[in-house]
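Right, one structure below, let's go through it.
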Amino acid sequence: MIATPTLDMRSRIVGLDREVPLIDGRRVPYVNLDNAASTPPLLDVVRAVESFMPYYSSVHRGTGFKSRLSTVAYDQAHEIIGRFVGADLRTNTVIFGKNTTEAINKLAWRLPVGPGSVIITTQMEHHSNDLPWRPRAHVVHVHALPDGRLDEDDFDRQLARYAGRIALVAITGASNVSGFIQPIHRLARKAHDAGALILVDTAQLAPHRRVDMRPDDDPEHLDFVTLSAHKMYAPYGTGALIGPKDVFLHAPPEYRGGGTVDVVTLDEVHWAGVPDREEAGSPNVVGAVAMAVAARTLMEVGMEAVAAHEEHLIAYALERLRDVPGIRLYGETDPARAHEKVGVIPFNIDGVSHFLTAAILGYEGGIGVRSGCFCAHPYVVHLLHLDEDESHRWRDQLLAGDKSEMPGMVRASFGCYNNTDDVDRAAAAILRRLVVEDVFRPYARARAIGSVHLVGR
Ligand SMILES: Cc1ncc(COP(=O)(O)O)c(C=O)c1O
């Protein structure tokens, strides 16, 4: 029996009372189980943005009151995000950008990578923590085990094999497909022993667990961390890269222009310090303020309370869903091991296309989920146990413009405000429509159902 979660964040999230139309014309309150993609905003964030707006002005160079106030708010946002991830800001800097993808791309171009260098990443990564590295060095993908966990023996083997040449270990803090949480500090120690730095992509971890970079001289210190605000209840277009100042001071920034310099003559450029040289152009001040308010709220609520609530919810959901006939759950399915993952549950219904399952949940149940490969094609192919022939066949089909047979899964993902009623509604909708009635099976591989556009990413 799963204990009842104790944290109630529902009154602090915007839009939970909003009804949405179903395909039969009824309206129901929306259930958002797509938080791994983006979370709704915290009320605190929206209110803070509203009260900041009348004072919003240009930062750094304006001398008016509003400019000075906006500058303080923007500078403080850097400090709050640094505190949120436990960074020592005497030696580390917080660089704001658009999102995690931009943050990792920035690091890929700013990290000194010598010829012959190796970047170690994993088969489990979101494309945003894989593709940016490929043009920069020889990239080695550590394998995942058949159940989706990291193969740490392979990690150790690859570290030993390339020790001394590894510029960076780039690893996700938690998978956006299976939810598995990585032993980031243990991996950090191993990376450091092999002479490498470590980047942890915490896009999926930070909204659910405390991220602590730890002191710089701690062997388990995280050298770089990246974040996306739209996954942590502040969807105003901001992300952050946190890492050692000196990495960014060794060379000019990759984006150049206003705000990045101290002095320019027609012949010379003297670059500003960090983070200014890394935040070219007019920054997203509102986004930074929103992100900082979200981080502060999460710290006040307590990441331990968030984690405890979500663990209960995952356990409840696994228990509820694994009894659904014909369901196939991927990754960890044992409710007793819910603490090993963040609230991401990938599944399929036997014989039913993931596109169709997701469409039925959305159009008939008012339940938002996502389906497809979740920008992690190699990992999804691995979890589905597709062999090489099957992988090549669907790759060829996709390249020919046909996505109807695209392999994939349905992903239900929780935020700190979801509750057992949300899980019950999803389970009931799956049971009612897909399992009990069984009527859609003949159409399971259809390319389009009515106006539903069945296309994944
Ligand atoms: C683990 C992980 N890394 C990186 C990203 C990319 O984040 P963004 O789209 O905010 O750049 C995502 C987004 O889903 C993610 O889940």
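Results, tabulated for the structure shown:
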{"quantity": "So ASN176, is it within 12 Å of the ligand (Cβ to nearest atom), crowded, with 24+ Cβ neighbours inside 10 Å and over 22 Å from GLU220 (Cα atoms)", "calculated": "yes"}
{"quantity": "Strands (runs of 3 or more DSSP E) enclosed by the stretch 70-154 - at least 2 residues per element that are open to solvent by 10 Å² or more (accessible area, probe 1.4 Å)", "calculated": "92-97, 138-142"}
{"quantity": "Hits in the stretch 235-260 - residues which are within 30 Å of ASN35 (Cβ to Cβ) and not in a strand (DSSP E or B)", "calculated": "PRO235, TYR236, GLY237, THR238"}
{"quantity": "Matching residues in the stretch 377-426 - criterion: being closer than 22 Å to MET9 by Cα and surrounded by fewer than 18 Cβ atoms within 10 Å (Cβ to Cβ)", "calculated": "THR420, ASP421, ASP424"}
{"quantity": "Hits in the stretch 230-240 - residues which are out of contact with any Gly (no Cβ under 6 Å at 6 or more places or on another chain), within 11 Å of the ligand (Cβ to nearest atom) and open to solvent by less than 10 Å² (accessible area, probe 1.4 Å)", "calculated": "MET232, ALA240"}
{"quantity": "Count of the stretch 401-429 residues which are of a type in the set (Ser, Thr, Tyr) and within 28 Å of PRO378 (Cα to Cα)", "calculated": "2"}
{"quantity": "Residues that are within 16 Å of the ligand (Cβ to nearest atom) and over 15 Å from ASP34 (Cα atoms), drawn from the stretch 341-381", "calculated": "LYS341, ALA376, HIS377, PRO378, TYR379, VAL380"}
{"quantity": "Failed item, numbered, when VAL46 is tested on (1) open to solvent by 40 Å² or more (accessible area, probe 1.4 Å); (2) among the β-branched types (Val, Ile, Thr); (3) more than 16 Å from the ligand (Cβ to nearest atom)", "calculated": "(1)"}
{"quantity": "Residues of the stretch 330-339 satisfying the condition of being open to solvent by 20 Å² or more (accessible area, probe 1.4 Å) and touching an Asp or Glu at 6+ places or on another chain (Cβ under 6 Å)", "calculated": "HIS339"}
{"quantity": "Any hit, the stretch 107-125, residues being more than 24 Å from ALA194 (Cβ to Cβ) and in contact (Cβ under 8 Å) with a residue 12 or more places away in the chain", "calculated": "no"}
{"quantity": "Residue, nearest to GLY239 (Cα to Cα), within the stretch 290-324, restricted to residues that are of a type in the set (Val, Ile, Thr) and open to solvent by less than 20 Å² (accessible area, probe 1.4 Å)", "calculated": "VAL293"}
{"quantity": "Considering residues of the stretch 69-124 that are of a type in the set (Lys, Arg) and within 16 Å of the ligand (Cβ to nearest atom) only, the residue farthest from SER58 (Cα to Cα)", "calculated": "LYS106"}
{"quantity": "Every residue from the stretch 334-384 that is free of Cβ contacts under 8 Å to residues at least 24 places away in the same chain and closer than 20 Å to LEU22 by Cα", "calculated": "GLY362"}
{"quantity": "Number of the condition not met by LEU199 [criteria: (1) away from the ligand (no atom under 16 Å from the Cβ); (2) closer than 17 Å to ASN105 by Cβ; (3) not small (Gly, Ala, Ser)]", "calculated": "(1)"}
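The values are calculated or read from the model by the stated rules, or taken from the named source; none is laboratory data. Keep in mind the model is a prediction, meaning the values are calculated, not measured. Counting neighbours? That spans all protein chains shown, and the Cβs are built from the backbone with ideal geometry, glycine included. Just the protein is used for accessible areas: all its heavy atoms, side chains included, with ligands, DNA and RNA removed. Shrake-Rupley method; radii C 1.70, N 1.55, O 1.52, S 1.80 Å.
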